1. Does residue 310 count as closer than 26 Å to residue 154 by Cβ and touching a helix residue (DSSP H, G or I) at 6+ places or on another chain (Cβ under 8 Å)?
2. Any idea which of (1) surrounded by fewer than 22 Cβ atoms within 10 Å (Cβ to Cβ); (2) modelled with pLDDT under 95; (3) touching a helix residue (DSSP H, G or I) at 6+ places or on another chain (Cβ under 7 Å) is the one residue 70 doesn't satisfy?
3. Report yes if some residue within the range 107-118 is away from the ligand (no atom under 16 Å from the Cβ) and within 20 Å of residue 41 (Cβ to Cβ); otherwise report no.
4. If you scan the range 45-63, which residues turn out to be exposed (fewer than 12 other Cβ atoms within 10 Å of the Cβ) and in contact with a helix residue (DSSP H, G or I) (Cβ under 9 Å, 6 or more places away or on another chain)?
5. Which strands (runs of 3 or more DSSP E) sit wholly inside the range 210-323 and have at least 3 residues that are under 23 Å from the mean Cα position of the chain (by Cα), within 16 Å of the ligand (Cβ to nearest atom) and under 19 Å from residue 26 (Cα atoms)?
6. Report whether or not residue 202 is within 25 Å of residue 300 (Cα to Cα) and touching a helix residue (DSSP H, G or I) at 6+ places or on another chain (Cβ under 8 Å).
7. With more than 16 Å from the ligand (Cβ to nearest atom), under 16 Å from the mean Cα position of the chain (by Cα) and surrounded by fewer than 21 Cβ atoms within 10 Å (Cβ to Cβ) as the only criterion, which of 93, 102, 87 stands out?
8. Restricted to the range 183-198, and to residues that are more than 10 Å from the ligand (Cβ to nearest atom) and part of a loop (DSSP other than H, G, I, E, B), which residue is modelled with the lowest pLDDT?
Ligand code: PMV
């Protein structure tokens, strides 16, 4: 095989953000907005990248120089993922990579980790490395840590395994939650959040007030366990109510913003069982769960509060080879 196309879904954090960076569990779902990556083996020892979505065109480098010199932001995750695999398996051939995304990187659906998963899966297929899901996880997670310095890896796991996952830091536990559906309402705040900045803010708060932040993390953990049980028996009322508790704890960590909170109240006022921010906070998206007959009103509540409703399917298939 000298050519392959793979695709990886985006993700939304349901419960447990921030605490999951420090050894606690979270729940994440894969969403049906996917990143696609085509990889083709070349005769020359070059790496060529076309990633129009992130303004990288005809980016060319020698395979032996991967990771060296200036790497444009839009090429970072592809290049470092390649470097890690090439080094580990001592590969020599060149590669042309083309990427395209069904969603904007500004939503916080995890485009960087999804692209990293695509690279590892594509190389495993092209060079017959026979990597299983956990090996793909370990390789892609290493790349994310090489670039970001910190992160739990929940987004990498969602991209690989798909569905809904109960996940513990660094992939210590990756447990698929078998559920029928999760009708999630998603609102985009219009504010781009920087995950690493938010993680650093929470870390600084934890150094100053360890006794408070530790309590918050422990309470988040308990909520995650309860939310997992509720999800498994399709008890969306409790699932929503637990979301409200989680939002309160995220407010205490200081990661919500007025715009997100307004959208969350907009959703609750229209009859949502619950609503919370999703991800690092500081912007990106909020999520809500509502009874079927209130979904349209809840969407309007979010729009009225200045948010943009994004239609997504949750619980979708993980990374796959495209025909
Ligand atoms: O900003 P997002 O959607 O990538 O979510 C970050 C979630 C954190 O728990 C803050 C970080 C992590 O890696 O788990």
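The values are calculated or read from the model by the stated rules, or taken from the named source; none is laboratory data. Just so you know, these numbers come straight off a predicted model, no measurement behind them. No Cβ is skipped: glycine too gets one built from the backbone with ideal geometry, and neighbour counts run over all protein chains shown.
1. Here the answer is yes, as residue 310 does meet what is asked.
2. (3)
3. Of the range 107-118, the ones away from the ligand (no atom under 16 Å from the Cβ) are 118.
Those left that are additionally within 20 Å of residue 41 (Cβ to Cβ): 118.
Within the range 107-118 (the criterion being away from the ligand (no atom under 16 Å from the Cβ) and within 20 Å of residue 41 (Cβ to Cβ)), the answer is yes, since at least one residue qualifies.
4. 55
5. Once the strands (runs of 3 or more DSSP E) in the range 210-323 are filtered for at least 3 residues that are under 23 Å from the mean Cα position of the chain (by Cα), within 16 Å of the ligand (Cβ to nearest atom) and under 19 Å from residue 26 (Cα atoms), what remains is 274-278, 285-289.
6. no
7. On the way: 93 fails: under 16 Å from the mean Cα position of the chain (by Cα); 87 fails: under 16 Å from the mean Cα position of the chain (by Cα).
Exactly one of 93, 102, 87 is more than 16 Å from the ligand (Cβ to nearest atom), under 16 Å from the mean Cα position of the chain (by Cα) and surrounded by fewer than 21 Cβ atoms within 10 Å (Cβ to Cβ), namely 102.
8. If we take residues in the range 183-198 being more than 10 Å from the ligand (Cβ to nearest atom) and part of a loop (DSSP other than H, G, I, E, B), then 192 is modelled with the lowest pLDDT.
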